[in-house]
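Heads up: the structure comes next, in structure tokens.
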Amino acid sequence: TLFLYTDGITEARCEGALFGEERLFGFLRSLAGRHPSEIVDAVMAEVDRYSRGALADDVAVLAVRRASYA
């Protein structure tokens, strides 16, 4: 799965602390194997929860996976 994101994700804040790349990458590891739409929904929910619904920057995410052909 390829996951692309804007800096609005990693720069989401909670009491001045950034969500950050380390937190994002750890969270993404916990979602391994999930459908791309589930990954996007989960990341957006986690960032919204972390920032307490107060995102100050634009946010864009995209998750894609190559379809397997049998």
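The values are calculated or read from the model by the stated rules, or taken from the named source; none is laboratory data. A quick note: this is a predicted structure, and the numbers were derived from the prediction, not measured. Virtual Cβ from ideal backbone geometry, glycine too; neighbours counted across all protein chains shown. The accessibility values were calculated without ligands, DNA or RNA, using every heavy atom of the protein model including side chains. Shrake-Rupley method; radii C 1.70, N 1.55, O 1.52, S 1.80 Å.
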Next on the checklist: Given the condition open to solvent by less than 50 Å² (accessible area, probe 1.4 Å), hydroxyl-bearing (Ser, Thr, Tyr) and not in a loop (DSSP other than H, G, I, E, B), answer yes or no: does some residue in region 27-39 qualify?
Outcome noted: no
Checklist entry - Ser68 versus (1) among the hydroxyl-bearing types (Ser, Thr, Tyr); (2) modelled with pLDDT of 95 or more; (3) open to solvent by 70 Å² or more (accessible area, probe 1.4 Å): which is the lone unmet condition? => result (2)
Checklist entry - Yes or no: Ala56 exposed (fewer than 15 other Cβ atoms within 10 Å of the Cβ), of a type in the set (Gly, Ala, Ser), in a loop (DSSP other than H, G, I, E, B) and in contact (Cβ under 8 Å) with a residue 12 or more places away in the chain? => result yes
